[in-house]
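See below for the structure under consideration.
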Amino acid sequence: MTGHLSISRRKLIVGGLMVAFACSARARAATSEATGLSAIGGFVRISQEGGISLVMPSVEMGQGIYTAEAALLAEELDVRLDQIVAIAAPPDASLYAQPLFKAQLTGGSTSIRGFWTPLRQAGAAARSMLAAAAAQTWGVHSDECSTKDGTVLHLSTGRVLRYGEVAELAATLPIPERSKLKSPGDFKIIGKSQPRIDTPAKVNGSAVYGIDVTVDGMKTAAVVMSPVDGGKIRSVDETDARTIPGVIDVLRIDDAVAVVGEHYWAARAGVEALNVDWDLGPNAKLTTASIRAEVAKAAGEGTPIKALERGDVEARLKNAKKRVTAEYELPFLAHATMEPINTTVHVRPDGCDIWVGTQTPVVAQKHAARITGLPVDKVTLRNHLVGGGFGRRLQADTIEQAVRFAKQVPYPLKIIWTREQDIRHDRFRPCYLDRLAAGLDEHGRPSVWTHRTTSGTVRRYFDEGGWPEGKLDKDAVEGAWDSPYALPVIRVDWIRHDPPVKLNWWRGVGPTHNVFVVESFLDELAHAAGQDPIAYRRALLGGNPRAMAVLNKVADAAGWSRSPEPRSGRGVSLHQNFGTYAAVVVEVAVAPSGEISLEKIVAAVDCGIQINPDTIRAQIEGGVLFGLSASLFNGINFSEGRVEQGNFNDYRQLRINETPPIEVHLMESNENPGGLGEVGTVSAAPALGNAIFAATGVRIRRLPIDRRLLSKRGNA
């Protein structure tokens, strides 16, 4: 990780120091513009009154990153966390690129991993410059000065200057070549649970999400889109829509119609009054069964792309004492964020303004420039709080649609999708088909392991120019080739099969899929060997102390040795992804009808140095529940080309009364921080499936879980 985080001094100056402020939560959420501030380096801005702002390189989507990244800066800047105000960064990859991706985006559990060192370096450099400015003001040596809570102190004389009083001078001083960072033992903020700085605005309702944006002269539009992806408009009868009071305009692009209203409900009524004739295109007959059949065909006939091969796989399989095989299948998944899709755009001859919550502001700005024909620097994007991302807002397709409509009118236009449109016109997590085989030795341990995944690639829709045929998409095998276990002879490969459905990242895409498969199959091997699942895993972890530690911790905390009640069981999962080690035990009870009750969840997590333990626990809890919801209820199905699911009634999430007690145990560590946003989600499905097997003897190899398999009749 150190190598990834190595940055040049220039990048520290322009990319590591970033502070700005505003006077209210609404203002700071609505704009990144600040005046009357002294910029210390590229990112730190301090007002004469001492207000300190951090222009956030990451997007806040509920994960608490505003607080965690502010903590990194505050620690080294010697200010309290409540002295920092966070504002959204404008699109500018030269300033705000995520070091691990070298692009300005938020995703993949990378925010803290990427900015762990740069933001602390920024704080340390700014503190040093402020102290030097104060020393220059007093005519003393800077070594005689110290800092505390946003002030510079001259101890021998008792003189004090606020940061704001010396910020203008500090901004003119050279950036230090090297600023010494605190050792973990000196941390005052990092490692201690802190109140989130975005909580008050979210509680009192003053926080501004994209959907809350209001602009002078703005009109609101509802849309109707082709019910089948790839369809086009044949004709539109807008006569009735234009009779709706409040309807202003009816706009068209090739695959959608927007009705503009004085307010949303007029626009919505206008959409419902439209009569649109669609050419449904090549996907008009698409069904889930046809998609599955094509994936299975590809799995048998496609060309595998090798991800990892170690040892003589074929010889070991031939000579194994026992051979176990299995096939797993995972569905398409939608993101179903709480905040539906929305974008506000104002296109003028000389510029374009966009108000939105996006995980990829630079990409959105670039697409808007292309569509409007304007130079990129004439497109201003104001990023906002995001009401749940999970990867959905890594794609800019919805912003592109809004710009295409907005360029047809002179006024600012807000486009709002319904939740049904959000789910049915999502870009989905890929579906997968996995085939595994293992040979067991005389101790019942896997002497050889093969894992073949068949799926489409998200990168086809994310990387400029698509994804080359024959090239490995590492995401498709992440969590499969890099499991925590010592498997001496192993082969992992991928068969690319792009379905006629657009794909997107989904919370922990590769590991979420592969860890379910690996951990479920490992449980199958333990059962075939007649061994306890945790003891079986321990025997394969000899060279992995961090994985062993979380596994032992979760086993102890969950009371693994206790005998469960009839039709109750515990299941475990273990993985090492995003720089974090996590083990989870799920305890379930399965009714004779097949209904599943979640009884208890215990997690043990080693994420390296902990920034904000309270947020870490929240991330794990939320991630586990997100993963359990997907496992228990979610899957996108197609019939006649249309997505069948549409809202939380048929694409539902766990409810409060269904949520069991959750314990999260954090391991002390001095390793660099790991990622957390997707760790719990990755852990959930395999632990649940293994628990159901322990309770019923039914192995879960397809998600979402079919309750009919678990009824006493089905399990007879």
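For this structure, a couple of remarks:
- Cβ-Cβ under 6 Å pairs, at least 6 apart or on other chains, segment 135-146 side closer than 13 Å to Leu169 by Cβ, far side assigned to a strand (DSSP E or B): Ala135/Cys145; Trp138/His154
- Candidates Asp426, Asp434: the one that is buried (at least 22 other Cβ atoms within 10 Å of the Cβ), among the charged types (D, E, K, R) and assigned to a strand (DSSP E or B) is Asp434.
- Among the residues of segment 383-418, those identified as crowded, with 23+ Cβ neighbours inside 10 Å, of a type outside the set (S, T, N, Q) and in a strand (DSSP E or B) are Leu385, Leu413, Lys414, Ile415.
- Taking segment 283-301 as the range and being under 32 Å from the mean Cα position of the chain (by Cα) and open to solvent by 30 Å² or more (accessible area, probe 1.4 Å) as the test, the residues that pass are Thr287, Ala289, Ser290, Arg292, Ala293, Glu294, Ala296, Lys297.
- Scanning segment 473-485 for residues that are part of a loop (DSSP other than H, G, I, E, B), in contact (Cβ under 8 Å) with a residue 40 or more places away in the chain and open to solvent by less than 40 Å² (accessible area, probe 1.4 Å) yields Gly479, Ala480, Asp482, Ser483, Pro484, Tyr485.
- Pair list, Cβ under 6 Å, 6 or more apart: segment 370-390 residue in contact (Cβ under 8 Å) with a residue 24 or more places away in the chain, other residue part of a strand (DSSP E or B) and open to solvent by 10 Å² or more (accessible area, probe 1.4 Å): Thr372/Val347; Thr380/Asp353; Arg382/Trp355; Asn383/Ala88; His384/Tyr209; Leu385/Tyr209; Gly387/Tyr209
- Within segment 302-325, being within 34 Å of the chain's Cα centre (by Cα) and either open to solvent by 60 Å² or more (accessible area, probe 1.4 Å) or of a type in the set (Phe, Trp, Tyr) (or both) holds for Thr303, Lys306, Glu309, Arg310, Thr325.
- Against the test of being open to solvent by less than 30 Å² (accessible area, probe 1.4 Å) and under 24 Å from the mean Cα position of the chain (by Cα), the options Val679, Val698 yield a single qualifying residue, Val679.
- The set of residues in segment 225-247 that are surrounded by fewer than 19 Cβ atoms within 10 Å (Cβ to Cβ), of a type in the set (Val, Ile, Thr) and within 38 Å of the chain's Cα centre (by Cα) contains only Ile233.
- Ile609 open to solvent by less than 30 Å² (accessible area, probe 1.4 Å) and either in contact (Cβ under 8 Å) with a residue 40 or more places away in the chain or not polar (S, T, N, Q) (or both): yes
- Number of residues in segment 607-661 that are of a type in the set (Phe, Trp, Tyr), in contact with a helix residue (DSSP H, G or I) (Cβ under 9 Å, 6 or more places away or on another chain) and in a helix (DSSP H, G or I) equals 1.
- Options Ala320, Ala336: the member that is farther than 30 Å from Asp706 by Cα and small (Gly, Ala, Ser): Ala320
- Per the listing Arg562, Arg570, Arg617, the residue uniquely open to solvent by less than 40 Å² (accessible area, probe 1.4 Å) and either in contact with a Lys or Arg (Cβ under 6 Å, 6 or more places away or on another chain) or of a type in the set (Lys, Arg) (or both) is Arg570.
- Residue that is modelled with the lowest pLDDT [pool: residues in segment 701-716 that are aliphatic (A, V, I, L, M) and open to solvent by 40 Å² or more (accessible area, probe 1.4 Å)]: Ala716
The values are calculated or read from the model by the stated rules, or taken from the named source; none is laboratory data. All figures in this text were calculated on a predicted structure; none of them were measured in a lab. Don't worry about glycine lacking a Cβ; one is built from the backbone with ideal geometry, like all the others, and counts go over all protein chains shown. In case anyone asks, the SASA skips ligands and DNA or RNA and just uses the protein heavy atoms, side chains included. Shrake-Rupley method; radii C 1.70, N 1.55, O 1.52, S 1.80 Å.
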